[in-house]
Amino acid sequence: MPGVGRAPDAPASREYRRAVASHLYTRNSDRIYRGVMQPNLYAIGVLQVDIDRRGQVGRMNWLRAPSHAPEVVAEIERIVRAAAPYPSPSRTVTYTDTWLWDKSGRFQLDTLTEGQL
């Protein structure tokens with residue numbers, strides 16, 4: 001199944017990051033932390049995800065994994081895979097975002113964050 005719509009081709013483009021982050025928020029609306037986040041987050045992780053021309057997830061690479069919270073690493077990877085298909089680029093691109101994880105299990109992505117105290 002092709003991805004959900006076309007997206008800008010530049011892998012690092014702000015438009016593509018926003019499109020993917022918005023897609024993740026839509027697919028996980030009950031998990032999004034609403035409002036300004038507290039200063040002491042449970043976990044912060046930076047994840048790179050390869051997304052192919054069909055909007056499917058390829059390789060995932062943690063640039064900064066929350067090693068103290070392996071359950072968060074596993075849950076983020078599950079969320080990312082379950083949200084496919086993503087907006088389709090014309091070629092495989094790498095989407096990178098920072099996951100801000102609250103102890104409640106709710107999150108924000110840095111691309112769409114409402115900020116932090």
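FYI, it's all coordinate maths here, none of it is from the lab. Just so we're clear, the structure is a prediction, and the values are computed from it rather than from any experiment. When we count neighbours, we look across all protein chains shown, and the Cβ atoms used for this are built from the backbone with ideal geometry, even at glycine.
Quick notes on this one:
- This structure gives Rg and Dmax of the Cα atoms in Å, computed directly, and of (i) 13.8, 36; (ii) 15.2, 50; (iii) 13.6, 41 that value is listed as (iii).
- Highest-MSF residue in the chain out of 20, 36, 57 [GNM, Cα springs under 10 Å]: 36
- Qualifying GluC sites (Glu not before Pro) in region 72-117, DSSP loop, other Cβ atoms within 10 Å at most 15: 114
- Approximating the spin labels as points 7 Å out from Cα along Cα→Cβ, the residue 63-to-residue 91 distance works out to 2.0 nm.
- Entry note, the chain: the mean residue ellipticity at 222 nm calculated from DSSP H runs of n ≥ 4, each adding -39500 (n - 2.57), is -7500 deg cm²/dmol after division by the residues and rounding to the nearest 500.
- Inter-site label distance for residue 31 and residue 14 at 7 Å from Cα along Cβ, in nm: 2.7
- Bridge type composition, the chain - antiparallel percent by DSSP, nearest 5: 85
- Computed extension length for residue 102-residue 79: 6.8 nm, one decimal, from 0.36 nm per residue of separation with the Cα-Cα distance subtracted.
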